[in-house]
1. Can you sort A:Thr51, A:Thr5 by how many other beta carbons sit within 10 Å, fewest first?
2. Please report, in whole Å³, the volume per residue of the convex hull around the C-alpha atoms of the range A:59-113.
3. Let me know the Rg and Dmax you get for the range A:1-65 when you use only its Cα atoms, in Å.
4. To make sure I understand, if each residue's beta carbon is the centre and we count other beta carbons within 10 Å, what order do B:Leu83, A:Leu44 fall in, fewest to most?
5. Determine the dipole magnitude for chain B: charges of +1 sit on the beta-carbon of Lys and Arg, -1 on that of Asp and Glu, nothing else is charged, the reference point is the Cα centre, and the result goes in debye to the nearest 20.
6. Considering the dipole of the range A:1-87 built from charges on the beta carbon (Lys and Arg +1, Asp and Glu -1) around the Cα centre, which of A:Leu44, A:Thr5, A:Ser72 is farthest to its positive end?
7. Quick one: what are the phi-derived ³J(HN,Hα) couplings along the range B:33-46, Karplus 6.51/-1.76/1.60 with θ = phi - 60°, whole Hz, x for glycine and proline?
8. Which residues' amide hydrogens lie under 5 Å from the amide hydrogen of A:Glu42, considering only partners 5 or more residues apart or on another chain, with H built in the peptide plane?
Amino acid sequence: GDSVTQMEGPVTLSEEAFLTINCTYTATGYPSLFWYVQYPGEGLQLLLKATKADDKGSNKGFEATYRKETTSFHLEKGSVQVSDSAVYFCALRLNNAGNMLTFGGGTRLMVKP
Amino acid sequence: DAGVTQSPTHLIKTRGQQVTLRCSPKSGHDTVSWYQQALGQGPQFIFQYYEEEERQRGNFPDRFSGHQFPNYSSELNVNALLLGDSALYLCASSAATWTANTEAFFGQGTRLTVV
């Protein structure tokens, strides 16, 4: 079946450090790919998305490129802030599957001042 | 725009009881999906409602059931609660015109604790 695998956390970084959170997927079709963020005590917020191969999603300094050849969608940010501390989820949605999202297990990011 | 609203925010139930969770979708949305997020894990898809019918279902037993009302709001019902049903239950809404760019908006969730 379809699945998403994320690097396990927690990831602990100092402020202004470079961030990479790895995400790979397995899908029977051609999915759209998403990164969601969950702040403590809150629901999920869409961070960025990409709908086809080689697309780059970006938002708030975060970027991820849809790599079909490596089935990956790694999240990057050049300079993290304390306010970026949260749990990040990679997800896929098959384009013939309505709005059903398949999520990875999440990666907790902790940024220290 | 109030976004997706869920109630209650927290709930404590006893094993074997039944529970009903509620969700109001974002204005303009007519499709509601429910997810279960166990502590420390990613959300798992339970089911999706559109036009008052269950359209898709994940790998959950039939103790989990739902309903959608004419105003597009939705309920999730869980019968015969088990300790393992303790989780954050998330509701997501979207427009039914599904394209690759369709975005799901999530509520803040209902934290269910079964004791």
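Where a number appears in this text, it was derived from the coordinates with a stated rule and is not lab data. Everything quoted here is computed from the prediction, not taken from an experiment. All Cβ positions, even for glycine, are placed from backbone atoms using ideal geometry, and neighbour counts span all protein chains on display.
1. A:Thr5, A:Thr51
2. 106
3. 13.2, 39
4. Going from least to most buried by this count: B:Leu83, A:Leu44.
5. Using Cβ point charges on Lys, Arg, Asp and Glu, chain B gives about 480 debye.
6. A:Ser72
7. 10, 10, 10, 10, 10, 6, 4, x, 10, x, x, 10, 5, 9
8. Residues meeting the criterion, in which the H sits 1.01 Å from N, do not exist here.
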